[in-house]
Amino acid sequence: MSILYHKVSDLLEWIDKNGDSRIKDMFLMDSPWPVLIILAAYLYFVLKAGPNFMKYRNPLKIDRIVMVYNVVQVLYSSYLVIEAIRLFWQRGVNKIICIEIDYSDTDLARNIVRATWAYFFSKVLDLLDSIFFVLRKKQSQLTFLHIYHHGTILIFSWSIIKFYPGGQVTIFGTLNSFVHVVMYSYYLLTISNPEYKKAWWKKYLTQLQLIQFVITILHGCLSLLATDCNYPKFIIILSICQNIFMIILFWNFYKKAYKQLKNKPN
């Protein structure tokens with residue numbers, strides 16, 4: 001135990017020493033412990049405590065709370081998209097292939113850091129999706145894809161922006177936020193009118209999610225080929241691998257959810 005304690009202490013010291021000082025004082029960013037505790041509590045509630053609590057209870061009637069949550073998500077994600085475009089335009093559109101991190105102490109650089117933190121925090125808010133599913137007893141929605149996606153993107157976003165706030169990852173963050181604007185707008189419609197759950201265009205939401213991963217992979221490949229790109233290549237490679245895995249998971253979901261429905265007899 002003593003050896004493990006010293007290993008953990010050394011790791012925490014290394015994180016503190018090597019993390020970007022501009023983001024250290026932002027909420028949940030000083031130490032990895034808060035976000036790890038949030039993730040552990042999320043997994044415990046979604047996988048065990050929540051289902052056990054709801055086992056002999058009727059689904060909670062929280063449609064109004066979910067509706068407000070969806071509105072907040074649409075507005076928050078819209079803000080992230082608009083802010084990303086505004087900051088990207090200020091940096092110059094000629095840097096799209098390789099978006100390096102601005103380590104300067106300018107207002108623009110600090111605004112980029114704040115925007116990347118705001119994206120990370122949106123991943124904390126996203127965890128409420130799963131909690132609402134549990135409380136409404138929609139266990140079929142709590143797939144491996146759903147839980148894995150929410151958990152990994154929370155940890156990845158914290159880890160990357162702790163050391164490299166901004167740069168290449170903002171491409172995925174912008175695309176992902178745009179997808180969330182569309183997705184939560186759809187969820188809002190289904191709350192106000194359940195008939196939209198059977199909308200003919202529902203499958204295009206999953207296609208849109210797949211497209212974001214494809215674009216991010218292609219952008220990452222172009223960045224790797226750029227000889228003058230100083231953004232850490234191991235993060236680009238990690239991002240490409242993760243996005244390939246997400247394509248596999250989302251494609252499997254797409255086939256099960258829509259392809260089989262298409263083949264069902266009338």
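The values are calculated or read from the model by the stated rules, or taken from the named source; none is laboratory data. This is a predicted model, so every value here is computed, not measured. Heads up, the Cβs are rebuilt from the backbone with ideal geometry, glycines too, and the neighbour counts pull from every protein chain shown. To get the accessible areas, we keep the full protein, side chains included, count just its heavy atoms, and leave off ligands, DNA and RNA. Shrake-Rupley method; radii C 1.70, N 1.55, O 1.52, S 1.80 Å.
Structure notes:
- Residue within the range 201-212 that is surrounded by 16 or more Cβ atoms within 10 Å (Cβ to Cβ) and under 24 Å from Val113 (Cβ atoms) present: yes
- Wholly within the range 187-266, helices (runs of 4 or more DSSP H) carrying at least 1 residues that are of a type in the set (Gly, Ala, Ser): 203-225, 233-254
- The lone exception for Tyr76 - which of (1) assigned to a helix (DSSP H, G or I); (2) among the aromatic types (Phe, Trp, Tyr); (3) within 24 Å of Ile160 (Cβ to Cβ); (4) touching a residue at least 60 places away in the same chain (Cβ under 8 Å) it fails: (4)
- Some residue of the range 160-178 being over 25 Å from Val113 (Cα atoms) and in a loop (DSSP other than H, G, I, E, B): no
- Residue that is nearest to Arg64 (Cα to Cα) [pool: residues in the range 106-137 that are outside any helix (DSSP H, G or I) and either open to solvent by less than 30 Å² (accessible area, probe 1.4 Å) or touching a residue at least 40 places away in the same chain (Cβ under 8 Å) (or both)]: Arg136
- Any hit, the range 168-179, residues being open to solvent by less than 20 Å² (accessible area, probe 1.4 Å), of a type outside the set (Val, Ile, Thr) and modelled with pLDDT under 95: yes
- Residue pairs meeting the criteria (Cβ under 7 Å; at least 6 apart or on separate chains; first under 21 Å from Ser157 (Cβ atoms), in the range 223-238; second of a type in the set (Phe, Trp, Tyr) and open to solvent by 30 Å² or more (accessible area, probe 1.4 Å)): Pro232/Tyr164; Ile235/Tyr164
- The C-beta contact set for the range 14-25 (first residue under 14 Å from Tyr103 (Cα atoms), second residue of a type in the set (A, V, I, L, M) and open to solvent by less than 30 Å² (accessible area, probe 1.4 Å), distance under 6 angstrom, 6+ apart or interchain) comprises Arg22/Val113; Ile23/Met29; Ile23/Val113.
- For the range 26-51, a residue qualifies if it is of a type outside the set (Gly, Ala, Ser), surrounded by 13 or more Cβ atoms within 10 Å (Cβ to Cβ) and outside any helix (DSSP H, G or I), and the qualifying residues are Met26, Leu28, Met29, Asp30, Pro32.
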